[in-house]
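Working notes for the structure below.
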Amino acid sequence: MITPEFRVVKHMGAIDAFSNTITMITSHKNLVLLIMVFALILAPISTYLIGNAPELNFNQTQTIQKQGNVIFEEHGSTFPEKDIEALRSYLPKLLLYALIASLLMAAVQYAVIKGSYMVANGEEYSLGGLISEGFRHLLQVFVINLIFGAIALIIILLPLMLILIPVGAGALSGTAGIIVAGIFFVLVIEFFVVIFMMGLLSMTVPLYVIKGNIGAAFEAFSLAFRNILSTFGFGALLLIGVLVISMIMAPFSMMAAMISSGWSKMLVSALIEAPFQALIYAIMWIGGLEFYLELEKKDKGEDVDLLLEEFKF
């Protein structure tokens, strides 16, 4: 039988992992600096490719028809042809930037996680060696992020389909309260699903880095569902960390928008945001590794505890 004290320690895994993440980031700032360098490299690329986003303007339309004593009005909106053409020419640039950024950051993600794992094992690393390894594994990391991103999107969207139930029930009964209460309940479920998926997804690439094969990334599902409370907790901590950093970043972005304009505004804003983005990536990537190591340690501890119980007379 597992003691209550052991269960308390097990559920502290999320807090321990997040604490270890902060310690890793503060004691090995060069890993964050590595992310920031690549974020700065992406800043002018993003400004050039997607900085000049087209503005879509609606053309309001209204038609009035009179049939006898009844007047029918139809309201609608359309995009001007020039805006549609601008959007068509912009989308390829957006996709190109998304591909470049995803591949480049996949290499950095592998390098940062590998460096953090070597530190956790008491090994020395060189930034040059980590970058070289990162670029050798960027395609695998890109594929993992793509596959699990698609899976997560499907899982996150599934609860939204439940909104049809209260909407249908409310429409049949004519009660708006059922619709509001039902939608609120579905959104609460959606919130917890998103938090859980954040904790789960954070472990996929670390599993690949440690075990060396893409299939190992799928072990994140079994780990997350065996440690549901810890996964919720760690996902919530990740979300809070990202929100706090984003809130700190917002005034600086607004300041950049006020002191510059046009292309320079976009470039200055991207450069200012790069350090904050690097910190967000560091928390998510290193955090995922620390969370996996914490769960692995707790699982091993639980196995030992159960084994001792089997041989207890």
Cβ-based net charge around Thr21, under 13 Å, with every Lys or Arg adding one and every Asp or Glu removing one: -3
Cα gyration tensor, region 93-162 - rounded (a/c under 1.5), prolate or oblate: oblate
Derived scalar couplings ³J(HN,Hα) [region 22-27; Karplus, 6.51 cos²θ - 1.76 cosθ + 1.60; whole Hz; x for Gly, Pro]: 4, 4, 4, 5, 6, 8
Å² per residue, accessible surface of region 182-258 at 1.4 Å: 47
Listed residue pairs exceeding 20 Å between alpha carbons, taken from Lys211/Lys297; Lys114/Lys211; Lys29/Lys297: Lys29/Lys297
From phi via Karplus (6.51, -1.76, 1.60), per-residue ³J(HN,Hα) for region 280-296 in Hz, x at Gly/Pro: 5, 4, 4, 4, 6, 6, 5, x, x, 5, 5, 5, 4, 4, 5, 5, 4
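The values are calculated or read from the model by the stated rules, or taken from the named source; none is laboratory data. Please read all numbers here as calculations on a predicted model, not as lab measurements. Heads up, the Cβs are rebuilt from the backbone with ideal geometry, glycines too, and the neighbour counts pull from every protein chain shown. For accessibility, only protein heavy atoms count, side chains too; no ligands or nucleic acids. Shrake-Rupley method; radii C 1.70, N 1.55, O 1.52, S 1.80 Å.
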